[in-house]
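Here is the structure we will look at, set down as structure tokens.
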Amino acid sequence: MPKVRDRFVFDPKKVRMLDRDQSRTIARETYPERDFDDEQIESLRHLINGQLKFVIPPDTEWTDIDDVREAVESLRNKLHNGNVSLLTRLGYFAGDPKSQIESDDLERRIAATLLILTQSVKEVSGWLDNDKACKLMRRSFEPLLGFESLTGYLLPHLFQIFFLRRFTVSPTSPGVKFVVAVLREAGIRSITEVDDFDTIYEQIRKSRTRQLKPPKTNRPVR
């Protein structure tokens, strides 16, 4: 039974910045016969990381909005009169007033705090129920560019700038070796077998073809 090749899936959240040793590995795999000094390796690291930033989400620490919605809705449901009275009593004992004046002032502050809390939770719940706002928020966390732009333009262009060689698409070309090494070191794809290389090479070929394809135009041909 023939082996089924896995489908490549690009996850921007797994992309990581490179250090100097990784950059040196990439340079050696691209041109084993050439020597690169520390200054050149540091320059290469800076250039690669500059391109990787375009495919990394602005913030990878944010949680899923559905989780936030559930948490806020749960808190809103818990802020009924009984629990507000409980929190009022709790606030009073936490404040531990020493006089009647302090007690009156504390009660006013507790009431104001709980009023702000309930109103704020209600307002935030309204934000989370706004589908348009949620879609715009999700879009704001998307990276500026995708995998196709990275492998079809950014990395090939960087290769030509740094190594001063034309980028060509073939399984044995230095340009493809460079892109494959960057993808591996950046955590985008672990390439350990021939089938893995074939899969990623096909992605590079397709990306490069699409990036170099002239845009469609409605102008008449002269």
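Identify all residues within the range 1-33 that are part of a loop (DSSP other than H, G, I, E, B) and modelled with pLDDT of 85 or more; write none if there are none. Val15, Arg16, Met17, Leu18, Asp19, Tyr31, Pro32, Glu33, listed by residue number. Checking each residue in the range 21-50 for being surrounded by 11 or more Cβ atoms within 10 Å (Cβ to Cβ) and more than 15 Å from Arg184 (Cα to Cα) picks out Tyr31, Arg34, Phe36, Gln40, Ile41, Glu42, Ser43, Leu44, His46, Leu47, Gly50. Determine, yes or no, whether Arg138 is in a helix (DSSP H, G or I) and of a type in the set (Lys, Arg). Yes; evaluated as a whole, the condition is true for this residue. Go over the candidates Ser99, Ser43 one by one and state the one that is hydroxyl-bearing (Ser, Thr, Tyr) and either under 30 Å from Val124 (Cα atoms) or not assigned by TED's automatic domain parsing to the domain that holds Phe163 (or both). Going through Ser99, Ser43 in turn, just one is hydroxyl-bearing (Ser, Thr, Tyr) and either under 30 Å from Val124 (Cα atoms) or not assigned by TED's automatic domain parsing to the domain that holds Phe163 (or both): Ser99. Of all residues in the range 151-175, those satisfying the criterion of being assigned to a helix (DSSP H, G or I) and closer than 13 Å to Tyr31 by Cβ are Phe159, Phe162, Phe163, Pro174, Gly175. Taken together, the criteria place Glu123 among residues that are within 30 Å of the chain's Cα centre (by Cα) and free of Cβ contacts under 8 Å to residues at least 60 places away in the same chain. Could you please let me know if Phe36 is closer than 22 Å to Gln203 by Cα, in a loop (DSSP other than H, G, I, E, B) and of a type outside the set (A, V, I, L, M)? So Phe36 does not fit the description; no.
Take the conditions (1) at pLDDT 90 or above; (2) surrounded by 13 or more Cβ atoms within 10 Å (Cβ to Cβ); (3) not assigned by TED's automatic domain parsing to the domain that holds His46; Ala112 misses just one of them, which is (2).
Restricting the range 129-156 to residues that are at pLDDT 90 or above and closer than 17 Å to Leu18 by Cβ leaves a set whose member that is surrounded by the most Cβ atoms within 10 Å (Cβ to Cβ) is Leu155. The number of residues in the range 62-104 being in contact with a Leu (Cβ under 6 Å, 6 or more places away or on another chain) and modelled with pLDDT under 90 comes to 2. The single condition among (1) among the small types (Gly, Ala, Ser); (2) in the same structural domain as Ser207 (by TED's automatic domain parsing); (3) more than 30 Å from Lys14 (Cβ to Cβ) that Ser74 does not satisfy is (2). Within the range 84-102, the residues that satisfy the criterion of being in a helix (DSSP H, G or I) and surrounded by 13 or more Cβ atoms within 10 Å (Cβ to Cβ) are Val84, Leu87, Thr88, Gly91, Tyr92, Gly95.
When the range 176-195 is filtered for residues that are in contact (Cβ under 8 Å) with a residue 24 or more places away in the chain, under 27 Å from Gln40 (Cβ atoms) and assigned to a helix (DSSP H, G or I), the ones remaining, listed by number, are Val176, Lys177, Phe178, Val179, Val180, Ala181, Val182, Leu183, Glu185.
The values are calculated or read from the model by the stated rules, or taken from the named source; none is laboratory data. Bear in mind that the values here come from a model prediction, so they are computed numbers and not experimental data. Ideal geometry is used to build each Cβ from the backbone, glycine not excepted, and the neighbour counts take in all protein chains shown.
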